[in-house]
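Notes follow the structure.
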Amino acid sequence: MSQTLLVTGGAGFVGSHLIKALLQDYPSAAIVSIDNYFTGVRENHSNDPRVTYIDGSTVDINKIWAERGLASPEIVFHLGEYSRIVQSFDDHDLTWEFNLLGTMEVVKFASANGSKLIYAGSSSKFGNDGQDENLNPYAWTKAKNIEYIANYASWYGLDYAITYFYNVYGPGQISSGRYATVIGIFEDHYLRGEPLPVVSPGTQTRDFTHVDDIVRGIVLVAQKGTGDGYLLGTGHEWPLIEVAKLFRTEYVLKPALRGERVRGQADTTRAGELGWRPTRRLDEYIASFIATHRPGDLDH
């Protein structure tokens with residue numbers, strides 16, 4: 001029996017990897033991506049004819065779906081939100097639109113279509129005994145969406161599961177510009193032969209998780225999970241300065257950034273109950289990277 005699966009943010013870093021996995025795991029499914037291409041790029045598109053890419057906003061999801069006459073999706077993977085901490089102070093309006101208004105419409109859409117909603121929550125919710133969810137506009141909106149989804153399920157009925165990503169890295173990550181990821185930035189500077197910029201004090205920790213592990217977790221939660229609490233991380237804290245040292249090149253401390261948390265480490269207990277385990281290690285990934293690249297490669 002054929003299925004329809006929806007991925008919001010399907011042209012983004014994680015979303016594009018998710019679509020590749022869904023094409024393998026659901027061979028009879030039609031996959032639809034709705035992406036506003038804020039950080040997503042068309043280079044991430046799959047050539048598989050089973051995937052339909054729609055340039056549009058999640059705020060308009062019901063209108064988009066109705067106009068195209070698409071079948072109700074069995075699963076809605078909602079990854080298409082604003083997802084940067086420091087930048088959200090300047091992009092307050094975008095954060096509000098993408099994360100609150102857009103997600104409100106996606107939740108209503110999933111409920112009306114009888115779809116299971118898989119939501120990508122933010123690991124920032126768990127920092128400092130829950131206090132870090134108020135550090136910045138991004139973390140706050142993401143935390144409020146968790147409350148909204150749980151309440152909506154209680155009020156109106158909604159099949160849902162919530163995952164939390166911990167500092168995703170891997171092929172296709174954003175490596176330059178305002179929305180670049182930490183590992184992407186380090187790789188970019190390494191390839192340019194420039195010192196790696198480490199945000200002061202450098203002792204703050206993050207739990208870096210390979211995109212392949214993240215995607216396996218998302219799919220597993222979609223198949224077996226229900227409710228809240230599926231944290232997808234390695235459970236290992238990496239001080240940022242120690243990560244920079246793995247590149248075996250120079251680094252320089254940069255001023256501390258507003259709104260950033262001190263620690264990040266996943267409790268993977270609930271995800272582990274589904275049989276999920278991380279298989280990729282950051283140090284091995286970086287070792288492979290520097291074994292195949294030289295500092296200054298981008299200059300040649």
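So, in the stretch 27-38, of the ones that are hydroxyl-bearing (Ser, Thr, Tyr) and either modelled with pLDDT under 95 or surrounded by fewer than 19 Cβ atoms within 10 Å (Cβ to Cβ) (or both), which residue ends up nearest to ILE64 (Cα to Cα)? It would help to see each step written out before you state the result.
Applying the first criterion (hydroxyl-bearing (Ser, Thr, Tyr)) to the stretch 27-38 yields 28, 33, 37.
This time we only want the ones that are either modelled with pLDDT under 95 or surrounded by fewer than 19 Cβ atoms within 10 Å (Cβ to Cβ) (or both), so: 28, 37.
Working: SER28: 23, TYR37: 16 Å.
Here the residue is TYR37.
Pick out the one residue from PRO201, PRO197 that is without any contact (Cβ under 8 Å) to a residue 60 or more places away in the chain, in contact with a His (Cβ under 7 Å, 6 or more places away or on another chain) and not assigned by TED's automatic domain parsing to the domain that holds HIS17. First the steps, then the outcome.
Details: PRO201 fails: in contact with a His (Cβ under 7 Å, 6 or more places away or on another chain).
Only one candidate passes the filter, namely PRO197.
If you take the residues in the stretch 257-275 that are touching a residue at least 40 places away in the same chain (Cβ under 8 Å) and out of contact with any strand residue (DSSP E or B) (no Cβ under 6 Å at 6 or more places or on another chain), which one is nearest to TYR230 (Cα to Cα)?
Within the stretch 257-275, the match that is nearest to TYR230 (Cα to Cα) is LEU274.
Using the structure shown, decide if LYS142 is touching a residue at least 60 places away in the same chain (Cβ under 8 Å), among the basic types (Lys, Arg) and either in the same structural domain as GLY12 (by TED's automatic domain parsing) or not in a loop (DSSP other than H, G, I, E, B) (or both). Give the steps one after another, and end with the answer.
Working: touching a residue at least 60 places away in the same chain (Cβ under 8 Å): yes; among the basic types (Lys, Arg): yes; either in the same structural domain as GLY12 (by TED's automatic domain parsing) or not in a loop (DSSP other than H, G, I, E, B) (or both): yes.
So LYS142 fits the description; yes.
Please find, among VAL7, VAL32, the residue that is in contact with a Phe, Trp or Tyr (Cβ under 6 Å, 6 or more places away or on another chain) and among the hydrophobic types (A, V, I, L, M, F, W, C). Full working, then the answer.
Working: VAL32 fails: in contact with a Phe, Trp or Tyr (Cβ under 6 Å, 6 or more places away or on another chain).
Step by step, each of VAL7, VAL32 is checked, and only VAL7 is in contact with a Phe, Trp or Tyr (Cβ under 6 Å, 6 or more places away or on another chain) and among the hydrophobic types (A, V, I, L, M, F, W, C).
Output yes when any residue across the stretch 3-26 is surrounded by fewer than 23 Cβ atoms within 10 Å (Cβ to Cβ), assigned by TED's automatic domain parsing to the domain that holds ALA139 and in contact with a Ser or Thr (Cβ under 6 Å, 6 or more places away or on another chain), and no when none is.
No: the stretch 3-26 contains no residue that is surrounded by fewer than 23 Cβ atoms within 10 Å (Cβ to Cβ), assigned by TED's automatic domain parsing to the domain that holds ALA139 and in contact with a Ser or Thr (Cβ under 6 Å, 6 or more places away or on another chain).
Go through (1) free of Cβ contacts under 8 Å to residues at least 60 places away in the same chain; (2) outside any loop (DSSP other than H, G, I, E, B) for PRO27 and report which single condition fails.
The failed condition is (2).
Would you check which residues across the stretch 219-239 are under 16 Å from the mean Cα position of the chain (by Cα) and assigned to a loop (DSSP other than H, G, I, E, B) and list them?
Residues of the stretch 219-239 that are under 16 Å from the mean Cα position of the chain (by Cα), as a first pass: 219-222, 229-234.
Within the stretch 219-239, GLY233, THR234 meet the criteria.
Return the residue satisfying two criteria in turn: it lies in the stretch 70-81 and is within 18 Å of ILE214 (Cβ to Cβ) and in a loop (DSSP other than H, G, I, E, B), and of such residues it is modelled with the lowest pLDDT. Show your work before the answer.
Looking only at the stretch 70-81, we keep the residues that are within 18 Å of ILE214 (Cβ to Cβ), and these are 75-81.
Okay, now just the ones that are also in a loop (DSSP other than H, G, I, E, B), so 79-81.
Numbers: LEU79: 96, GLY80: 89, GLU81: 81.
The qualifying residue modelled with the lowest pLDDT is GLU81.
The values are calculated or read from the model by the stated rules, or taken from the named source; none is laboratory data. What you see is a predicted model; the values in this text were computed from it and never measured. Positions of Cβ are backbone-derived with ideal geometry, glycine not excepted, and every protein chain shown enters the neighbour counts.
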